[in-house]
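One structure, as structure tokens, below. Some questions next.
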Amino acid sequence: RADSELKAIKAQMNPHFIFNALNSIQEMFFIGDKRLANEHLGKFSQLTRQILKASGKQFITLAEEIDMLQKYLELEGLRFENDFTFSVTVNDDNTADYIQLPPMLIQPYVENAIRHGLLHKQGEKNVRVSFMFDEPNRLLQCVITDNGIGRAASAEINKGRKQLHESFSTSANARRLDLLNQHRNDKIGVQYDDLDNGTKVAILIPVSYD
């Protein structure tokens, strides 16, 4: 039953992601930059193929997850023009091809950083995604840091727009984590920290090898 629900959640998350990414590309056509829009449409096609391929798997490598995150962030950067920068780093490139984790586990948190933290911010916008692998403890930590408006300000904006608003990606990923943790002795954990400027999310993932 849990496996069936996990598959159903992933089936919902894929079109949700695709719709949001297409919206970013559509904005490029609206402003008349067809060359850039076509260039990013090609990147979107590549990313969509990767996501659909990964969605049928229980685990993918960290290298595959990083590649999809980088392509996703390039697409999201369209809406911010030159104000947006990002980085995706890992402390040990040699193990990225062997570490296993559930596919698209990190992307919803990055999406929230952009859509709730950076979308309403004026000036320079930045997202940093850092993977740190603790080999002795077989623990992967992913830290997502943004310099956005923060959770309190974002909640106030969403409250003004719609009562009881909750993003689909947040609620779907929370349920997905609950289901994934049912089968784990060592649980995947998520911790939020409010910064002076922005938000930090730390995701702790007990990992396996290929």
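The values are calculated or read from the model by the stated rules, or taken from the named source; none is laboratory data. Fair warning: this is a prediction, and the values are worked out from it, not measured in the lab. Cβ: placed from backbone, ideal geometry, glycine included. Neighbour counts: every protein chain shown. Quick note on the areas: whole protein, heavy atoms, side chains included, nothing else; ligands and nucleic acids left out. Shrake-Rupley method; radii C 1.70, N 1.55, O 1.52, S 1.80 Å.
To the nearest 10 Å², what's His120's accessible area with a 1.4 Å probe?
His120 has an accessible surface of roughly 60 Å² with all protein chains in place.
In units of 2.2 N^0.38 Å, what is the alpha-carbon radius of gyration of the stretch 30-91? Working shown, then result.
Working: Rg = 13.5 Å, N = 62, 2.2 N^0.38 = 10.6 Å.
Normalised by 2.2 N^0.38 Å, the Cα Rg of the stretch 30-91 equals 1.28.
For the stretch 53-155, build the charge dipole from Cβ charges (+1 Lys, Arg; -1 Asp, Glu) around the Cα centre, then report which of Tyr72, Gln122, Asn91 sits farthest towards its positive end.
Value: Gln122.
Further question: Quote the FRET efficiency, to the nearest 0.05, computed for Leu36 versus His120 with a Förster distance R0 of 25 Å and r equal to the Cβ-Cβ distance.
On the way: r = 24 Å, r/R0 = 0.96.
It comes to 0.55.
Order the following by accessible area, largest value first: Ser154, Ser55. Probe radius 1.4 Å; ligands, DNA and RNA are ignored.
Sorted by accessible area, descending: Ser55, Ser154.
Compute the FRET efficiency between Phe19 and Tyr98 as 1/(1 + (r/R0)^6), taking r as their Cβ-Cβ distance and R0 = 35 Å, and round to the nearest 0.05.
Values: r = 33 Å, r/R0 = 0.95.
Approximately 0.55, to the nearest 0.05.
So, one more: Pop the C-beta distance of Gln141 and Asp83 into the FRET formula with R0 = 30 Å and round what comes out to the nearest 0.05.
Details: r = 28 Å, r/R0 = 0.95.
The pair Gln141/Asp83 has a calculated efficiency of 0.60.
Within the accessible area of the stretch 67-140, what % is carbon and sulfur when the probe is 1.4 Å and the other protein chains stay in place?
Details: 1300 of 3240 Å².
Roughly 40 percent of what the probe reaches on the stretch 67-140 is carbon or sulfur.
Roughly how much of Asp92 is accessible, in Å² to the nearest 10, using a 1.4 Å probe?
Its accessible surface works out to 40 Å², give or take rounding.
Can I ask one more? To the nearest 10 square angstrom, what accessible area does Asp186 show with a 1.4 Å probe?
For Asp186, the solvent-accessible surface is approximately 100 Å².
Report the full-extension gain for the segment Leu195 to Phe29: residue separation times 0.36 nm, less the Cα-Cα distance, to one decimal in nm.
Numbers: separation 166, 0.36 × 166 = 59.76 nm, distance 3.59 nm.
Result: 56.2 nm gained on full extension.
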